[in-house]
1. Over all distinct Cα pairs, what is the inverse of the mean 1/r for region 5-87, reported as the Kirkwood hydrodynamic radius in Å?
2. Please identify, among 131, 113, 148, the residue showing maximal mean-square fluctuation in a Gaussian network model of the chain using a 10 angstrom Cα cutoff.
3. If every alpha-carbon in region 99-161 counts as one equal scatterer, what log10 I(q)/I(0) does Debye give at q = 0.14, 0.15, 0.17, 0.18 1/Å?
4. Starting from the 7 Å offset along Cα-to-Cβ, what nm value, one decimal, do you get for the label separation of residue 57 and residue 133?
5. For region 79-108, list residues with backbone N below 20 Å from a point placed 7 Å from the Cα of residue 123 toward its Cβ?
6. With r as the distance between the Cβ atoms of residue 99 and residue 167 and R0 = 30 Å, compute the FRET efficiency 1/(1 + (r/R0)^6) and round to 0.05.
7. Taking a point 7 angstrom from the Cα of residue 112 along the C-beta vector, which residues in region 145-168 have backbone N less than 16 Å away?
8. Please build a GNM for the chain, connecting alpha carbons under 10 Å apart, and tell me which residue among 145, 68, 51 fluctuates the most.
């Protein structure tokens with residue numbers, strides 16, 4: 001079974017009627033409009049909630065979860081992650097991937113030298129940065145730009161990169 005996809009993190013409460021403020025982990029926050037239910041994961045516990053209402057404020061998503069009707073209940077969900085089942089999300093267009101599908105892939109240079117394993121991905125605003133961990137535990141940071149990331153092969157669990165001068 002494929003893992004659930006993290007779609008955001010509850011960072012605060014909003015108002016007094018139990019709404020939560022969510023930092024979205026998607027490049028299109030309007031996808032929250034289509035959701036009917038989410039899983040809230042905190043401390044290794046997962047609870048399913050129906051979504052009653054979705055609003056947007058700046059770059060955050062405000063969500064009213066069924067059964068969370070007081071600010072005190074919403075406060076208990078702070079720092080929890082929102083996930084959805086894999087079958088409830090749309091297929092991505094060619095060349096786009098869910099982060100969970102990339103983590104753990106082996107990173108090779110275009111000269112077939114193993115650099116390590118993709119451990120994390122973070123966004124700098126202009127582009128993503130791939131955090132690669134080698135066998136000694138050292139981290140290598142690679143910009144996820146077309147000049148560097150040459151091929152992503154999910155089936156064979158590997159990514160081919162071209163190392164520009166000065167990258168490592």
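1. Working: mean 1/r = 0.0807 Å⁻¹.
Evaluated on region 5-87, it is 12.4 Å.
2. 113
3. -0.34, -0.39, -0.50, -0.57
4. In this crude spin-label approximation the distance works out to 3.6 nm.
5. Those under the cut-off are 79-86, 89-104.
6. Working: r = 21 Å, r/R0 = 0.71.
Efficiency, from the Cβ-Cβ distance: 0.90.
7. 158-161
8. 145
Read the figures in this text as sums done on the coordinates, not as results from a lab. These numbers come from a predicted model, not from an experiment. Cβ sites come from the backbone with ideal geometry, for glycine too, and all protein chains shown count toward neighbours.
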